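Input: a single structure, listed below in structure tokens.
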Amino acid sequence: MKKTMYEKIWDSHLVVEAPGQAPLLYVDRHLMHEVTSPQAFEGLRLANRKVRNPHSILATMDHCVPTKDRDLPIADPIAKKQIETMADNCQENGLNLYDMKNPNNGVIHIVVPEHGFVHPGMVVVCGDSHTATHGAFGALAFGIGTSEVEHVMATQTLPQMKSKTMLIRIDGALSKFASAKDIALAITGKIGTAGGTGHVIEYAGEAITKLSIEGRMTLCNMAIEAGARAGLVAPDQKTFDYLQGREFAPSGENWDKALAYWKSLPSDEGAEFDTIVTLNAADIEPQVTWGTSPEQVTGITNVIPAPEDFDDEIKRQACENALNYMDLKAHTKITDIPVDLVFIGSCTNGRIEDFRIAADITKGTKVADNVTAIAVPGSYHVKQQAEDEGLDKIFIDAGWEWREPGCSMCLAMNGDELTVGQRSASTSNRNFEGRQGKGGRTHLVSPAMAAAAASAGHFVDIRNI
Amino acid sequence: MEPYKKHESIAALMNRSNVDTDQIIPKQFLKKVERTGFGIHLFHDWRFNEDGSDNTDFELNKPAFKDAHILVAGDNFGCGSSREHAPWAIADYGFNTIISSSYADIFYNNCFKNSILPIIATKEQLASLMDEIAANEGVRFVVDLENQELTTPAGNGFKFEIDPSRKENMIKGLDDIGLTLTHIAEIDQYEEKHKQSYPWLWA
């Protein structure tokens, strides 16, 4: 039988399928951060259970960590306790933790690929919905709840229902300045935030093959915003080149064995998918969200829609609510929307390529009056690399703040947040009400679009710069 | 885990779609290291005014819904982050049943770990239930998991689908980890094979 990549990974990880019980899937890699793990460790302790396979785990601190004055104690006592609990739990169980002071520290989904900890064909989980990022390597990677974190620690397996498969094919080549982020947003705009529910997406087509590994990470990262369990891209030479030589990548004889296995993973020619969606890359212009859901998105040359533009009653109501919350009027040109704060960072767009393109746009400009612009590298390694290339100077000279790594304003748990009514251009992944601070208004964009908005003070079509 | 069999309760109406986990439990409450005490923060930003008083415009603050254990909500409930704090808050607040036309995958899974039954209705069924509550706030529904049946006074009930293994675990209140550990021999055996097939993962 012809199989999709998802089916190949599923079949090779099926431990047992007992009658009347959910199939049990083996987990190769387990990623952790401080927010969704403490209750899982507590559960293990109460049940007197042990971590079955400590070497399968890599942990970091990212959600609550400050992005400035890192040498001072954490001011928020509850966050401080969560950070300390993480350190204690990792030490007690012999887990590899990149704590706040560790030179490898950063956002979990940035750090893990940097060290080659995820490979093609693996099953990877984390108590974090953006685990889908690692699908860029052809690994089945998905977010789980804290009870499941405990389950994986105790058993190295998870009871799982098999997902349906969705092929999203992006034909043709992207235009200049359209990025992986724009593809991800355009997909969410097309199929909606529930469009991928119950599915694992495989991204394919010329535009996907041409993406860099970092671009593929951005794309797969936002599979969850389209409602999917996970996103996958078939591993190819770019994947192998990225992995070779990294700390946890196979080496020597094992490299050849692994490579042979990885090459067997792409979906078979003619394998059937439950759903197929196609987009034309040339049609994808730089995207900007205008509402409070990632599906409320449009191209930079468009205007904000009006509620009556939607046939569906639910979408009409959602548009009305969003315009109200965002304090925007229908038919306003996207390029006329002013911004107060610009944030570049997060597990979606906090990698070196993101800062390179943003610096390219920023070079020689100044941050507009009344705009605050913050650059938060995804990890200390990204930060170092950017500084080695002189990118930090470009941002600082233009009036940006150059911060320490962390999740920062993506979800505003660490004190970096919008105030009531403030409007951001953000390279993160969610524009829900209050996501970046209560009453804050978020517009999701690519790093290039964010950088351009910082100097203009409003959104601009970067193709005209 | 608390077994779930049959419940009769007031059904509260939340006629909104795409209710995300950031709304269910905003991020400022995710810093705790305990599993309990999240109910007081459920829907915080919608539920409370700036000064901490109840927002009387928010649907769950209606006196008629005060003792509801069933939540009827719009499509794609629980989208967004994987935070299990969302079902913890929902359960701690007092809900043991949600009825919607669809759920985000991770949230749906998380419900079963916390004795919350997420019932999937068709869009038409959901609309009828919403109409019934709107016309008669405080109306009581009966949920019978054993027979997979919802009944309502106006006759808008229906038979619902649920995976048999999840149903069984819920009715018996089984601990998932305990159940998986009954397969420890198979896991050991699989892992041995795994070491042979993928030696680079164990190097």
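The values are calculated or read from the model by the stated rules, or taken from the named source; none is laboratory data. Being a predicted model, the structure only gives us computed values, none of them experimental. Note that each Cβ is placed from the backbone with ideal geometry, even for glycine, and that neighbours are counted across all protein chains shown. Just the protein is used for accessible areas: all its heavy atoms, side chains included, with ligands, DNA and RNA removed. Shrake-Rupley method; radii C 1.70, N 1.55, O 1.52, S 1.80 Å.
Annotations
- Pairwise centroid distance, computed over Cα atoms, of the range B:148-176 with the range A:248-306, Å: 36 Å
- Cα Rg over Rh - the range A:283-397, Kirkwood: 1.06
- Cα convex hull volume per residue for the range A:107-202 (Å³): 133 Å³
- The calculated 222 nm mean residue ellipticity attributable to helices in chain A amounts to -9500 deg cm²/dmol, summing -39500 (n - 2.57) over DSSP H runs of n ≥ 4 and dividing by all residues.
- Here's the picture: charge each Lys and Arg Cβ at +1 and each Asp and Glu Cβ at -1 in chain A, and of A:L259, A:S379, A:V65 the one pushed furthest to the positive end of that dipole is A:L259.
- All distinct Cα pairs of chain B go into the 1/r average, and the inverse of that average, the Kirkwood radius, is 18.4 Å.
- Per residue, the solvent-accessible area of chain A (1.4 Å probe, heavy atoms of protein chains only, all protein chains present) comes to 34 Å².
- Only protein heavy atoms count here; on that basis, with a 1.4 Å probe, A:H381 has an accessible area of about 80 Å².
- Of every Cα-Cα pair in the range A:184-303, the percent that sits beyond 18 Å: 59 percent
- Too-long pairs where the Cα-Cα distance tops 25 Å, listed order kept, from A:K210/A:K333; A:K3/B:K159; A:K2/B:K113; A:K176/A:K438; A:K68/B:K32: A:K210/A:K333; A:K3/B:K159; A:K2/B:K113; A:K176/A:K438
- Dipole magnitude (debye, nearest 20) for chain A, charges at Cβ of Lys, Arg, Asp, Glu: 300 debye
- DSSP beta bridges in chain A [antiparallel fraction, %, rounded to 5]: 20 percent
- Violating pairs (Cα-Cα greater than 32 angstrom) within the set A:K190/B:K193; A:K8/B:K167; A:K238/B:K27: A:K190/B:K193; A:K238/B:K27
- Area hidden from solvent between B and A (accessible, protein heavy atoms only, 1.4 Å, total, Å²): 5400 Å²
- Across B:D22, B:D131, B:D51, mean-square fluctuation computed from a Gaussian network of chain B (C-alpha pairs under 10 Å connected) peaks at B:D51.
- Cβ-Cβ FRET estimate between A:K329 and A:D369, R0 fixed at 25 Å, reported to 0.05: 0.60
- Working from the Cα coordinates of chain A, the gyration tensor eigenvalues give, after taking √(5λ), semi-axes of 33, 27, 22 Å in decreasing order.
- Residue among A:L14, B:L30, A:V118 farthest towards the positive dipole end of the protein assembly as shown, charges placed on Cβ: A:V118
- Charge context of B:S81, other residues only, Cβ under 13 angstrom, K/R +1, D/E -1: -2
- Using a probe of 1.4 Å on the protein chains alone, the accessible area found for A:E417 is around 100 Å².
- Contour excess over end-to-end distance, with Cα ends at A:K80 and A:M161 and 0.36 nm allotted per residue: 25.5 nm
- Between B:I98, B:I24, B:I162, the GNM of chain B built on Cα springs shorter than 10 angstrom shows B:I162 fluctuating the most.
- Placing +1 on each Lys and Arg Cβ and -1 on each Asp and Glu Cβ, with no other charges, gives the range A:190-347 a dipole about its Cα centre of roughly 360 debye.
- Sorting A:S12, A:S56 on solvent-accessible area from highest to lowest, probe radius 1.4 Å, gives A:S12, A:S56.
- Derived scalar couplings ³J(HN,Hα) [the range A:239-255; Karplus, 6.51 cos²θ - 1.76 cosθ + 1.60; whole Hz; x for Gly, Pro]: 4, 5, 5, 4, 6, 4, x, 6, 3, 9, 7, x, 9, x, 4, 5, 4
- Per residue, the convex hull volume that the Cα atoms of the range A:242-320 enclose (Å³): 210 Å³
- Put B:Y190, A:Y261 in order of accessible area, highest first, and with a 1.4 Å probe you get A:Y261, B:Y190.
- Of all segments of chain B bounded by trypsin sites (Lys or Arg not before Pro) found in a DSSP loop with no more than 15 other C-beta atoms within 10 Å, the longest spans B:67-203.
- Of the residues A:I201, A:T157, A:N429, the one whose Cα sits farthest toward the positive end of the charge dipole of chain A, with +1 on the Cβ of Lys and Arg and -1 on the Cβ of Asp and Glu, is A:T157.
- Charged-residue dipole, Cβ positions (Lys, Arg, Asp, Glu), the range B:6-172 about Cα centre, Debye nearest 20: 480 debye
- Reciprocal mean inverse distance between Cα atoms of the range A:40-86 - Kirkwood radius, Å: 12.9 Å
- Taking every protein chain into account, the 1.4 Å probe leaves A:L24 with about 10 Å² of accessible area, to the nearest ten.
- A Förster radius of 60 Å, combined with the Cβ-Cβ distance separating B:N55 from B:W202, puts the computed FRET efficiency at roughly 0.65.
- Expressed per residue, the C-alpha convex hull volume of the range A:343-465 stands at 88 Å³.
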